[in-house]
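Asker: Encoded as structure tokens, here's the structure I'll be asking about.
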Amino acid sequence: MRRTRSCRVAGLIAACATTGAGAVPPAKVALTGGRIVPVAGPEIEKGTILIEHGKITAVGASVELPFDAMEVDVSGKVLFPGLVNAHDWQGLDIPNENLDIGAALDVYDAIDPSRLFFENSLRDGVTTVHIIQANNCVIGGISRVVRPIGLDVDEMTVKPRAGVKMSASPKGGYDRMAQWAILREAFAELADYRERLAEQRYEEEQKKLKKDVDVGPAEARKRGAELIRPQDYDDAHANLHELSQGRLDAWVYVGAATDVGPAVKFAKDNGFFERVVFVLGPDTFKAADELKAAGRPVVLDVNLDFRERDPLTGKLKETFVPKVIADAGLTFALLPHPDASLAERYLTYQAARCIREGVARETALAAVTINPAKMLGLGDALGSLEVGKAGNVVVYSDDPLDFNTWVEQVYIDGILAYDRAKDVRIRRLMEEPGAEEKPKAPAGDSAVSDPAQKEDKPGAGEGATDPAKPENKEESQPDSPAPPTPSPEPGDDGASVERASDRADRAESRRRKDNSKSKGGPDA
Amino acid sequence: MRRQQVVGNRQQATGNRQQVIGSRQQATGSRQQAAGGEQQARGKTRRRATAAALGVGVLALLTGVSRAEEPPKLAFVVGKVLVMDKADTVINNAVVLVSGGRIERVGKASEVAIPQGYRRIDMPRHWIVPGFVDCHNHTAGSLSDLNDMVYLSNPGLDTLNTVQPESDDMWMARAGGVTTVLLIPGSGTNISGFGTISKTAGQSVSDVVVRSPGSIKVAQAGNPERYWWGVGRMFMNFNTRQTLEKAQAYHEAWAAFERGETTEKPAFDPIFDGFRGLFRKEFVASVHTQIYQVVMTTVDMLARKMDLRTVLDHSEFDGWKVAPLIREALAAGRSIYTIQGPRAYHLDGTQRKIHGNAARWWQAGNPLLGINTDAPVVAQEQLPFQAAMGCYYGWVPYEGIKGLTRIPAEALLLDDQIGTIEAGKQAEFGVWTGDPLDTRSACEMTVIGGRIVYDAGVRRRW
């Protein structure tokens, strides 16, 4: 039942339901004939991926298919692991709660499955999103790893309680001293709370044994320390306690190079250094040595270039951040830009830029797949096309790093979660101008518009709006996709023709841009 | 002083679960404010009491209603009775006998003889429709007491203290065929107090109040954001859940004590004691909720996880997409009523499409669908017009009338008393010139508790 529902994905409620309501997705899917880029291990020129019950059970050049597997021919396409978005607040109602210490909160309460963000994630080949509040906080809520499909948060969830958000850089309105004072205070208060709890627990146990409390507070606290049960912690302290015991991940924003040292020390002092991921600001890379010494994984800022002017000479200095981080040998993840109209929105674009700037292809690909998966503690379950991992596969029309490539299909846990051929929204957006005005197909073929329907009916003149007949409405199914597209042939052929012409247009505009640059550009 | 109690008791009730947010400092300031407000309010109350007393006198003169008398014996001879029972009975050319405040008999005029001593009311072209029930009303009390936003959740407040038996709004309500309303506090905070089920006619508070508490008002999101520093859903939902969990813990502690499972008597808490009926399912949670994620959270938190009787008020925008979750929850035995309004449609910019909210809920297979006005957001008399709007966008007219009568009566656990025109039920109905969903129709007469409380022939409102 769960699986059936998944098909009517939350991320896609509005746009492109992939299978009809009630259709059960096949338990076994075989994607055959495509080029496989597994990220882990060498590429396979023409191979097959078999997904059974949501998990990959075979990857290889020749795979024997079970008789009951649904075979999908993906010849000429490229199969790539589902991308992992390492750190994103989108999908929440607001980026931050305006509380200093919000560790009791959970993004579970704010994730909105109907956000366009999730739908776009699918379109962009992202199958896993780490939803975490943004950086404008002191201690933020608990984060969650989700897949961009599902009607509610439980159905979307891949991993609850993924980590605690924290910021080593000042929240808006604070300076560094205030920020650090609040951080220190939070953990000092935790220690104090724990002492009091220990004393209380000792007294409780003594009372249960009908004994007097025969020792002083200091001794009682010592004895009571072992008596504290996990459920004794209140909401305010439970998560911070887990964190301090190294049982919860911390995602610490270090917005500037100067914050790295204190952040590392703080993590070590409070017991979560082994579980910390640093989320870097634009110029935090300047502390690359410190980050290297710490050796913890990092998430890079969405802006990969860092530009600054020398204050004396005015000379512009540009640094390509991922190169610095990669050269330092750090495990890093790239992020998509929250502005959907920018190219940086695509993780594949971010990775491609890394390659242009000299980062190894494997490193760049890992930064959008297996690295974030590992940071989330899901390295064994996600991030590459390997046997035993989740059946999260993106079918690209060509090399994923080529910007003219389309995401054709997305499988999540073996469920066909996205199919571009059925993406009504994209089809409509990509329509050539005037296509909507084209004459409709002969009657009876496409959906009939309301007026026509009325003319067909006898006695249609009585009242233009008869409320009694909802079933006469164009769509009786509320979940069904957006209005019918009037395009003549909504098939693969139509789409590919459209794409070819698009590509030509883009090439043309690029050529024009290049020309203007070489003529009038400052570098000429 | 009372506020201090609130804080103290809250901590007692929570046991080792302390209040997470250090609202104590902030509470001090609010307390002073509240004290000032109380003085003001006291002045207002006095004035209001005078006004109310005057109003009562005037009304008694106008309608000739006197509580001391027994309800009259009435015989309505009408063109049509919408019984609104489970069999969807409609009786044409019917007689409805009313005595002792209840419906004595309903049937075809040819089959029901009118006994001696009954005042015969001949309205042969008119329809009798059960009195309308609005699950989301603010006008039965004083509007200035709508939102008491001391904390982000204020579980101890009760609209019973604001009921105004006679006001112009209530006259408007019964002149529009609305006979029962759930008076609830505003949605300024996550939990803003108890609702009161009230009739729209009567001279004293005890006259009009049907049940108190009638509900607990929860505002899931979409207004409490304005509280204090500005809050998001992550904090609001945490806050709502925690408050309800405290109340549940309180109830369970007492329930265990009452069952004799423990000899340790729990401390009495005036704040959470009112919630016990909620967990005994004696009244509902009426929830201000709309937008997909918010409705989803309401269904998940209140209905699915806490198993409360849940009434989804508003349920607007793309909330109807939650219908599959509601279907699942209903199948699992949960109680969820969707009382839609006052926004009739949602313009979906991404799809470039207009969705009729009620129609979409209905088409998505949500059978327990009603309509609210949020009066005074939409005038109370326009409740049937709200349903008509729902039908304009594709809902089914008969269902629309059901959504004004039987469904909300069921939602508020009043269906054994009102909601249909059946023998034994309270005589509570409107006599209409025609289909109540036809905007041209007017309610000519309203009966509550077997008494005629509005008669356009005596004094017409419009």
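Asker: What is the number of the single condition among (1) of a type outside the set (A, V, I, L, M, F, W, C); (2) away from chain A (no Cβ under 14 Å); (3) under 26 Å from B:Val150 (Cα atoms); (4) not in a loop (DSSP other than H, G, I, E, B) that B:Pro270 does not meet?
Answerer: Unmet for B:Pro270, out of (1) of a type outside the set (A, V, I, L, M, F, W, C); (2) away from chain A (no Cβ under 14 Å); (3) under 26 Å from B:Val150 (Cα atoms); (4) not in a loop (DSSP other than H, G, I, E, B): (4).
Asker: Check whether at least one residue in the stretch A:256-275 is outside any helix (DSSP H, G or I) and acidic (Asp, Glu), and report yes or no.
Answerer: Narrowing the stretch A:256-275 to residues outside any helix (DSSP H, G or I): A:256, A:270-272.
Those left that are additionally acidic (Asp, Glu): none.
Scanning the stretch A:256-275 turns up no residue that is outside any helix (DSSP H, G or I) and acidic (Asp, Glu).
Asker: Yes or no: B:Ala329 among the aliphatic types (A, V, I, L, M) and either crowded, with 24+ Cβ neighbours inside 10 Å or within 13 Å of chain A (Cβ to nearest Cβ) (or both)? I'd like the intermediate steps shown before the answer.
Answerer: Details: among the aliphatic types (A, V, I, L, M): yes; either crowded, with 24+ Cβ neighbours inside 10 Å or within 13 Å of chain A (Cβ to nearest Cβ) (or both): yes.
Spelling it out, B:Ala329 is indeed among the aliphatic types (A, V, I, L, M) and either crowded, with 24+ Cβ neighbours inside 10 Å or within 13 Å of chain A (Cβ to nearest Cβ) (or both).
Asker: In contact (Cβ under 8 Å) with a residue 24 or more places away in the chain and either surrounded by 19 or more Cβ atoms within 10 Å (Cβ to Cβ) or of a type in the set (S, T, N, Q) (or both): is that true of B:Asp313 in this structure?
Answerer: Values: in contact (Cβ under 8 Å) with a residue 24 or more places away in the chain: yes; either surrounded by 19 or more Cβ atoms within 10 Å (Cβ to Cβ) or of a type in the set (S, T, N, Q) (or both): yes.
The answer is yes for B:Asp313.
Asker: For the stretch B:335-429, which fully contained helices (runs of 4 or more DSSP H) count at least 1 residues that are under 25 Å from B:Gly450 (Cα atoms)? So that I can check it myself, show each step before the final result.
Answerer: Details: elements: B:357-363, B:383-392, B:397-402, B:406-411.
So the answer is B:383-392, B:397-402, B:406-411.
Asker: B:Gly319 versus (1) in a strand (DSSP E or B); (2) within 13 Å of another protein chain (Cβ to nearest Cβ); (3) not charged (D, E, K, R): which is the lone unmet condition?
Answerer: Status for B:Gly319: all satisfied but (1).
Asker: Going through the stretch A:44-101 one residue at a time, which ones are polar (S, T, N, Q), within 14 Å of chain B (Cβ to nearest Cβ) and under 28 Å from A:Glu119 (Cβ atoms)? It would help to see each step written out before you state the result.
Answerer: Pass one, the stretch A:44-101, residues polar (S, T, N, Q): A:48, A:57, A:62, A:75, A:85, A:90, A:96, A:98.
With the extra rule that they be within 14 Å of chain B (Cβ to nearest Cβ), the set shrinks to A:90, A:96, A:98.
The answer is A:Gln90, A:Asn96.
Asker: Note down all Cβ pairs under 9 Å where the first residue falls in the stretch A:142-170 and is free of Cβ contacts under 8 Å to residues at least 12 places away in the same chain and within 14 Å of another protein chain (Cβ to nearest Cβ), the second is of a type outside the set (Phe, Trp, Tyr) and not in a loop (DSSP other than H, G, I, E, B), and they're at least six residues apart or on different chains.
Answerer: Pairs that qualify, where the first residue is free of Cβ contacts under 8 Å to residues at least 12 places away in the same chain and within 14 Å of another protein chain (Cβ to nearest Cβ) and the partner is of a type outside the set (Phe, Trp, Tyr) and not in a loop (DSSP other than H, G, I, E, B), are A:Asp154/B:Asp300.
Asker: Give A:Thr48, A:Thr127 a once-over and let me know the one that is among the polar types (S, T, N, Q), farther than 30 Å from B:Leu325 by Cβ, in contact (Cβ under 8 Å) with a residue 12 or more places away in the chain and crowded, with 21+ Cβ neighbours inside 10 Å. Talk me through it step by step, then tell me what you get.
Answerer: Values: A:Thr127 fails: farther than 30 Å from B:Leu325 by Cβ.
None of the others qualify; the one that does is A:Thr48.
The rows are residues; the columns are (1) aliphatic (A, V, I, L, M); (2) within 44 Å of the chain's Cα centre (by Cα); (3) within 12 Å of another protein chain (Cβ to nearest Cβ).
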{"residue": "A:Gln200", "(1), (2), (3)": "no, yes, yes"}
{"residue": "A:Lys208", "(1), (2), (3)": "no, no, no"}
{"residue": "A:Asp212", "(1), (2), (3)": "no, no, no"}
{"residue": "A:Arg229", "(1), (2), (3)": "no, yes, yes"}
{"residue": "A:Tyr233", "(1), (2), (3)": "no, yes, yes"}
{"residue": "A:Ala236", "(1), (2), (3)": "yes, yes, yes"}
{"residue": "A:Leu240", "(1), (2), (3)": "yes, yes, yes"}
{"residue": "A:Gln245", "(1), (2), (3)": "no, yes, no"}
{"residue": "A:Trp251", "(1), (2), (3)": "no, yes, no"}
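Asker: Restricting attention to the stretch A:204-255, which residues are among the aliphatic types (A, V, I, L, M) and not in a helix (DSSP H, G or I)? If you could, list the steps in order and put the result at the bottom.
Answerer: So in the stretch A:204-255, the residues among the aliphatic types (A, V, I, L, M) come out as A:209, A:213, A:215, A:218, A:220, A:225, A:227-228, A:236, A:238, A:240, A:243, A:248, A:250, A:252, A:254.
Correct list: A:Leu209, A:Val213, A:Val215, A:Ile228, A:Leu248, A:Ala250, A:Val252, A:Val254.
Asker: Follow-up. Only one of these is under 19 Å from A:Val254 (Cβ atoms), in contact with a helix residue (DSSP H, G or I) (Cβ under 8 Å, 6 or more places away or on another chain) and among the β-branched types (Val, Ile, Thr): A:Val359, A:Val321. Name it. Outline the logic, then answer.
Answerer: Working: A:Val359 fails: under 19 Å from A:Val254 (Cβ atoms).
Exactly one residue qualifies, and that residue is A:Val321.
Asker: Only one of these is among the aliphatic types (A, V, I, L, M), surrounded by 19 or more Cβ atoms within 10 Å (Cβ to Cβ) and touching a Ser or Thr at 6+ places or on another chain (Cβ under 7 Å): B:Ile421, B:Ile401, B:Ile407, B:Ile448. Name it. Outline the logic, then answer.
Answerer: Values: B:Ile421 fails: touching a Ser or Thr at 6+ places or on another chain (Cβ under 7 Å); B:Ile401 fails: touching a Ser or Thr at 6+ places or on another chain (Cβ under 7 Å); B:Ile407 fails: touching a Ser or Thr at 6+ places or on another chain (Cβ under 7 Å).
The unique qualifying residue is B:Ile448.
Asker: On the given criteria, is A:Arg221 surrounded by 16 or more Cβ atoms within 10 Å (Cβ to Cβ), within 14 Å of chain B (Cβ to nearest Cβ) and more than 30 Å from A:Val146 (Cβ to Cβ)?
Answerer: On the way: surrounded by 16 or more Cβ atoms within 10 Å (Cβ to Cβ): yes; within 14 Å of chain B (Cβ to nearest Cβ): no; more than 30 Å from A:Val146 (Cβ to Cβ): yes.
Judged against the criteria, A:Arg221 is not a match.
Asker: Separate question: One residue is enough: does the stretch B:243-256 have a residue meeting the conditions of a type in the set (A, V, I, L, M, F, W, C) and within 14 Å of another protein chain (Cβ to nearest Cβ)? Even if it seems obvious, please write down each step before you answer.
Answerer: Applying the first criterion (of a type in the set (A, V, I, L, M, F, W, C)) to the stretch B:243-256 yields B:244, B:247, B:249, B:253-256.
After this cut, where a residue has to be within 14 Å of another protein chain (Cβ to nearest Cβ) as well, the list is B:244, B:249.
Yes.
Asker: Can you confirm whether A:Leu190 is part of a helix (DSSP H, G or I) and surrounded by 24 or more Cβ atoms within 10 Å (Cβ to Cβ)? Show your work before the answer.
Answerer: Working: part of a helix (DSSP H, G or I): yes; surrounded by 24 or more Cβ atoms within 10 Å (Cβ to Cβ): no.
The answer is no for A:Leu190.
Asker: Which pairs do you get when a residue that is on the phi < 0 side of the Ramachandran plot, found in the stretch B:71-89, comes within reach of a residue that is surrounded by 15 or more Cβ atoms within 10 Å (Cβ to Cβ) and aromatic (Phe, Trp, Tyr), reach meaning Cβ atoms under 8 angstrom, with the pair 6+ apart or on two chains?
Answerer: Once the first residue is on the phi < 0 side of the Ramachandran plot and sits in the stretch B:71-89, its partners that are surrounded by 15 or more Cβ atoms within 10 Å (Cβ to Cβ) and aromatic (Phe, Trp, Tyr) give B:Lys73/B:Tyr118; B:Leu74/B:Tyr118; B:Ala75/B:Tyr118; B:Val78/B:Trp127; B:Gly79/B:Trp127; B:Lys80/B:Trp127; B:Val81/B:Trp127; B:Leu82/B:Trp127.
Asker: List every residue pair whose Cβ atoms lie under 7 Å apart, where the two residues are 6 or more positions apart in sequence or sit on different chains, the first residue falls within the stretch B:398-413 and is under 26 Å from B:Arg280 (Cα atoms) and away from chain A (no Cβ under 13 Å), and the second residue, located anywhere, is aliphatic (A, V, I, L, M) and in a loop (DSSP other than H, G, I, E, B).
Answerer: So the pair list comes out as B:Thr405/B:Met84; B:Arg406/B:Met84; B:Ile407/B:Leu368; B:Ala409/B:Ile418.
Asker: Continuing with this model, one more query. Out of B:Pro266, B:Pro213, B:Pro224, I need the residue that is surrounded by fewer than 24 Cβ atoms within 10 Å (Cβ to Cβ), touching a residue at least 12 places away in the same chain (Cβ under 8 Å) and either assigned by TED's automatic domain parsing to the domain that holds B:Thr446 or within 24 Å of the chain's Cα centre (by Cα) (or both). Which one? Talk me through it step by step, then tell me what you get.
Answerer: Values: B:Pro266 fails: either assigned by TED's automatic domain parsing to the domain that holds B:Thr446 or within 24 Å of the chain's Cα centre (by Cα) (or both); B:Pro224 fails: surrounded by fewer than 24 Cβ atoms within 10 Å (Cβ to Cβ).
Testing whether each residue is surrounded by fewer than 24 Cβ atoms within 10 Å (Cβ to Cβ), touching a residue at least 12 places away in the same chain (Cβ under 8 Å) and either assigned by TED's automatic domain parsing to the domain that holds B:Thr446 or within 24 Å of the chain's Cα centre (by Cα) (or both) leaves just B:Pro213.
Asker: Conditions: (1) in contact (Cβ under 8 Å) with a residue 24 or more places away in the chain; (2) surrounded by fewer than 24 Cβ atoms within 10 Å (Cβ to Cβ); (3) closer than 15 Å to B:Gly177 by Cβ. B:Pro384 meets all but one. Number of the miss?
Answerer: (2)
Asker: Follow-up question, since we're still on this one. Just checking, does the stretch A:312-322 include any residue being in contact (Cβ under 8 Å) with a residue 24 or more places away in the chain and closer than 23 Å to A:Leu376 by Cα?
Answerer: Taking the stretch A:312-322 first, the residues in contact (Cβ under 8 Å) with a residue 24 or more places away in the chain are A:319-322.
Filter once more, so that each one left must be closer than 23 Å to A:Leu376 by Cα: A:321-322.
So far as the stretch A:312-322 goes, yes, one or more of its residues are in contact (Cβ under 8 Å) with a residue 24 or more places away in the chain and closer than 23 Å to A:Leu376 by Cα.
Asker: Tell me which residues, restricted to the stretch A:82-118, are outside any loop (DSSP other than H, G, I, E, B) and either free of Cβ contacts under 8 Å to residues at least 12 places away in the same chain or within 25 Å of B:Met236 (Cβ to Cβ) (or both).
Answerer: Step one: list which residues in the stretch A:82-118 are outside any loop (DSSP other than H, G, I, E, B), which gives A:83-88, A:90, A:92, A:101, A:106-109, A:116-118.
Answer for the stretch A:82-118, where residues must be outside any loop (DSSP other than H, G, I, E, B) and either free of Cβ contacts under 8 Å to residues at least 12 places away in the same chain or within 25 Å of B:Met236 (Cβ to Cβ) (or both): A:His87, A:Asp88, A:Gln90, A:Leu92, A:Ile101, A:Asp106, A:Val107, A:Tyr108, A:Asp109, A:Leu116, A:Phe117, A:Phe118.
Asker: Counting only residues that are within 14 Å of the chain's Cα centre (by Cα), away from chain A (no Cβ under 14 Å) and not polar (S, T, N, Q), which one in the stretch B:355-378 is nearest to B:Val322 (Cα to Cα)?
Answerer: The selected residue is B:Gly370.
Asker: Right, something else. What do you reckon, is B:Val83 touching an Asp or Glu at 6+ places or on another chain (Cβ under 9 Å) and either farther than 20 Å from B:Asp455 by Cβ or buried (at least 21 other Cβ atoms within 10 Å of the Cβ) (or both)? Steps first, answer last, please.
Answerer: Details: touching an Asp or Glu at 6+ places or on another chain (Cβ under 9 Å): yes; either farther than 20 Å from B:Asp455 by Cβ or buried (at least 21 other Cβ atoms within 10 Å of the Cβ) (or both): yes.
Answer is yes for this residue.
Asker: Just one of A:Ala364, A:Ala360, A:Ala333 is under 20 Å from A:Ala288 (Cα atoms), at pLDDT 95 or above, of a type in the set (A, V, I, L, M, F, W, C) and more than 20 Å from the chain's Cα centre (by Cα); which is it?
Answerer: Details: A:Ala364 fails: more than 20 Å from the chain's Cα centre (by Cα); A:Ala333 fails: more than 20 Å from the chain's Cα centre (by Cα).
After ruling out the rest, the residue left standing is A:Ala360.
Asker: While we're here: For A:Ala104, all conditions in the list (1) under 26 Å from A:Gly281 (Cβ atoms); (2) hydrophobic (A, V, I, L, M, F, W, C); (3) within 14 Å of chain B (Cβ to nearest Cβ) hold save one; what is the number of the exception?
Answerer: (1)
The values are calculated or read from the model by the stated rules, or taken from the named source; none is laboratory data. Predicted model, so just to flag it, every value in this text is computed and none were measured. Note that we place each Cβ from the backbone using ideal geometry, even for glycine, and neighbour counts take in every protein chain shown.
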